[in-house]
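This report concerns only the one structure given below.
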Amino acid sequence: MQARAHPGRLAVAAVRALAPYVPGKPASALEREFGMREVAKLASNENPYGPSPRSLEAMRASLEQIWLYPDGESHDLKQSLAGHLSVEPEQLTLGNGSNDLLVLLAEAFLTPAHSAVYSQYGFAIYRIVTQATGARCIEVPALPRSAAMPLGHDLVAMRNAIDADTRVVFIANPNNPTGTWAPPAGVKALLERAPPTTLVLLDEAYLEYGRERGTQDGLAWLREHPNLVIVRTFSKAYGLAGARVGYAVSHPEVADVLNRLRPAFNVNSVAQAGAIAALADQRHMREAVGATLQELRRVEAALQRLGLWCAPSACNFVLVRIGTQAGEVYERLLRVGLIVRPLGSYGLDEYLRVSIGLPQQNDRLLRELPALLR
Ligand SMILES: Cc1ncc(COP(=O)(O)O)c(C=O)c1O
């Protein structure tokens, strides 16, 4: 290799400037590093109850035909989704996880001449996909910790931040990593004020967990607001994070644009089969969500008894304020086989995000934590 060759520098400036997304540490990494067994990963908001047994069966059966390319149109999955959501198949775009759809949306609608609005502490991918296109990032300060929805999106400020060149506003409802949610009236008001030249991206990755808290899904607003794009995933409530399948519901013209841009086979055949069967077993999904929410309340109450502040959560995780030693507590938890998520990359250095696991994993966390806080 030439000593002075720097082929990486040939990449476009916006991409070279990216700070990559920091995912949760995989359990296998901790097992390797510390020779540990029985690692509990509470770091990536996965659903520990897993997918419906029917979904697993469908995915196993699909392997028989793994030598074939998948259906590039995902026809059957689109039909199932269209029926389930009462929308037209033409309104749907499928993605390799909903992350894929966020990338496609940015690529299709943002250029260096445009801007995108998102909230401080909003899901990190919004900044990354915006920066990658060279568009201007408008990060709106989150609500203060004293607000009714501490650290949540300030929807009024986000609305006011929309410029003539703003093409996308990203709203996560509920939001990761805060767990906070947006009141329906606030989202509706933003939709009403957003100019028709601005797309409003409503990310509903945690929708199923939020229903109990009164979060409202955006489907009902689609008819009136052709600039609304809703993005959802099978990774969370449906327990299919490893399969990678998400979808967008939008005006058919937006779906047409996203479908032109998307790689032809972006949703693999195993994922398509798994998602169709998962959708058909709503009962399994609801039971998993119910069990997680029950555990969430138990974990929140126990953390509060330790004197720790928790952000209100409508998700399958809780954001907990540990204080200045959050980084050390994260490391100490690793050493006892518990992986949670440090949030320095969000500027939330004093916090940790704890995904809700199985009851015995949560018990383990609650047993270990008090001694590690000292
Ligand atoms: C708010 C939010 N949106 C989207 C995603 C992307 O999920 P996936 O690509 O697995 O569908 C996540 C993942 O954690 C998330 O938290």
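We did not get these values from a lab; they are worked out from the coordinates using the rules stated. Not measured: the values here are computed from a predicted model. Note that each Cβ is placed from the backbone with ideal geometry, even for glycine, and that neighbours are counted across all protein chains shown.
Of all residues in the range 309-323, count the ones that are touching a residue at least 60 places away in the same chain (Cβ under 8 Å), part of a loop (DSSP other than H, G, I, E, B) and aliphatic (A, V, I, L, M).
Looking only at that region, the number is 2.
Exactly one of these conditions fails for Glu90: (1) under 30 Å from Asp71 (Cβ atoms); (2) buried (at least 24 other Cβ atoms within 10 Å of the Cβ); (3) more than 11 Å from the ligand (Cβ to nearest atom). Give me its number.
Failing condition for Glu90: (2).
For the subset of the range 143-177 comprising residues that are within 16 Å of the ligand (Cβ to nearest atom) and touching a His at 6+ places or on another chain (Cβ under 7 Å), which member is farthest from Tyr118 (Cα to Cα)?
Asn175
Conditions: (1) assigned to a helix (DSSP H, G or I); (2) closer than 16 Å to Tyr121 by Cβ; (3) in contact with a Pro (Cβ under 7 Å, 6 or more places away or on another chain). Ser345 meets all but one. Number of the miss?
Checking Ser345 against (1) assigned to a helix (DSSP H, G or I); (2) closer than 16 Å to Tyr121 by Cβ; (3) in contact with a Pro (Cβ under 7 Å, 6 or more places away or on another chain), the one that fails is (3).
Name the residues in the range 68-87 that are farther than 17 Å from Ala280 by Cα and surrounded by fewer than 19 Cβ atoms within 10 Å (Cβ to Cβ), would you?
Leu68, Tyr69, Asp71, Gly72, Glu73
Considering only the range 291-342, how many residues are more than 24 Å from the chain's Cα centre (by Cα) and of a type in the set (Lys, Arg)?
Residues that pass the stated criteria total 3.
Applying the selection to the range 207-257, what residues are out of contact with any strand residue (DSSP E or B) (no Cβ under 8 Å at 6 or more places or on another chain) and among the hydroxyl-bearing types (Ser, Thr, Tyr)?
Within the range 207-257, Tyr209, Thr215, Tyr238 qualify.
Quick one: count up the residues across the range 142-172 that are touching a helix residue (DSSP H, G or I) at 6+ places or on another chain (Cβ under 7 Å) and without any contact (Cβ under 8 Å) to a residue 40 or more places away in the chain.
Number of matching residues: 2.
Within the range 258-273, is even one residue assigned to a helix (DSSP H, G or I) and under 18 Å from Pro184 (Cβ atoms)?
Within the range 258-273 (the criterion being assigned to a helix (DSSP H, G or I) and under 18 Å from Pro184 (Cβ atoms)), the answer is no, since none of the residues qualifies.
Could you tell me which of the residues Arg262, Arg244, Arg213 is charged (D, E, K, R), within 16 Å of the ligand (Cβ to nearest atom) and out of contact with any Gly (no Cβ under 8 Å at 6 or more places or on another chain)?
Numbers: Arg262 fails: out of contact with any Gly (no Cβ under 8 Å at 6 or more places or on another chain); Arg244 fails: out of contact with any Gly (no Cβ under 8 Å at 6 or more places or on another chain).
That would be Arg213, the only listed residue that is charged (D, E, K, R), within 16 Å of the ligand (Cβ to nearest atom) and out of contact with any Gly (no Cβ under 8 Å at 6 or more places or on another chain).
Can we say Val22 is farther than 23 Å from Pro177 by Cβ, surrounded by fewer than 14 Cβ atoms within 10 Å (Cβ to Cβ) and β-branched (Val, Ile, Thr)?
Answer is no for this residue.
Going through Leu365, Leu352, Leu369, Leu333 one at a time, which residue ends up being buried (at least 17 other Cβ atoms within 10 Å of the Cβ), aliphatic (A, V, I, L, M) and part of a strand (DSSP E or B)?
Result of the check over Leu365, Leu352, Leu369, Leu333: Leu352.
Sort out which residues of the range 58-101 are among the hydroxyl-bearing types (Ser, Thr, Tyr), in a loop (DSSP other than H, G, I, E, B) and either closer than 22 Å to Leu219 by Cα or in contact with a Pro (Cβ under 6 Å, 6 or more places away or on another chain) (or both), and write them in order of number.
Going residue by residue through the range 58-101, those that are among the hydroxyl-bearing types (Ser, Thr, Tyr) are 62, 69, 74, 80, 86, 93, 98.
Next cut, in a loop (DSSP other than H, G, I, E, B) only: 69, 74, 86.
Within the range 58-101, Ser74, Ser86 meet the criteria.
If the Cβ limit is 7 Å and pairs must be 6+ apart or interchain, which residue in the range 87-112 that is charged (D, E, K, R) pairs with which residue that is near the ligand (Cβ under 8 Å from one of its atoms)?
Hits for this filter: Asp100/Gly246.
For a quick check of your reading of the model, give me the residue pairs whose first member lies in the range 231-242 and is β-branched (Val, Ile, Thr), whose second is within 9 Å of the ligand (Cβ to nearest atom), with beta-carbon atoms closer than 6 Å and at least 6 apart or on different chains.
Val231/Ser98; Val231/Leu101; Val231/Asp203; Thr233/Ser98; Thr233/Ala205; Thr233/Gly246
Got a number for residues in the range 94-138 being surrounded by fewer than 24 Cβ atoms within 10 Å (Cβ to Cβ), under 17 Å from Met158 (Cα atoms), within 16 Å of the ligand (Cβ to nearest atom) and of a type in the set (Gly, Ala, Ser)?
Looking only at that region, the number is 1.
Say whether the condition of being without any contact (Cβ under 8 Å) to a residue 40 or more places away in the chain and closer than 30 Å to Leu199 by Cβ is met by at least one residue in the range 35-50.
no
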